[in-house]
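So the structure is just underneath, and the comments pick up after that.
The values are calculated or read from the model by the stated rules, or taken from the named source; none is laboratory data. Just so it is clear, the model here is predicted, and its values are computed rather than measured. Don't worry about glycine lacking a Cβ; one is built from the backbone with ideal geometry, like all the others, and counts go over all protein chains shown. Just so you know, the surface numbers come from the protein's heavy atoms only, side chains and all, with ligands and any DNA or RNA stripped out. Shrake-Rupley method; radii C 1.70, N 1.55, O 1.52, S 1.80 Å.
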Amino acid sequence: MGSRKFNPDGTFTCTIAQQTLWTSSFQPYYVKSTHSLLVTSSASRSQASNVDDVLAKLHTLVAGSAKSLITRSPTEEQKERVVRFQKADDAHRRIQKDKRSAAKKSRSNKHWD
């Protein structure tokens with residue numbers, strides 16, 4: 001008898017219509033020649049397990065890519081804190097500037113009689 005070939009791999013292929021910013025985050029799975037994603041798994045001898053593994057990889061890939069593009073705006077507390085830091089820095093800078101100015105004035109206002 002001949003050998004029977006059975007392919008238990010799990011495979012997912014998706015064509016990307018246009019190149020987006022996301023293609024760089026899909027790097028290990030992005031196929032440049034066909035502009036598609038190719039996610040495969042042959043970790044198990046069970047096709048169902050491999051399909052589950054492919055879906056888990058795909059979920060991780062999409063969630064990670066989306067997470068990197070989503071930005072959170074600062075809270076009001078954080079904004080107030082930044083304003084306080086800026087005011088403190090401006091006050092410190094002003095004090096240092098006044099000290100330098102006073103030192104220069106003291107050097108130039110000597111009355112030599």
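What is the local net charge at residue 84, summed over the other residues whose Cβ is closer than 14 Å to its Cβ (Lys, Arg +1; Asp, Glu -1)?
Here the charged neighbours net out to -2.
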Once fully extended, how much extra length lies between residue 40 and residue 79, figured as 0.36 nm per residue of separation less the alpha-carbon to alpha-carbon distance? 9.5 nm
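Taking a probe of 1.4 Å, how large is the accessible area per residue of the range 51-113, in Å²?
Details: 5970 Å² over 63 residues.
About 95 Å² of surface per residue is accessible.
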Ranked output for segments 42-49, 82-89 by mean other Cβ atoms within 10 Å, highest leading, reads 42-49, 82-89
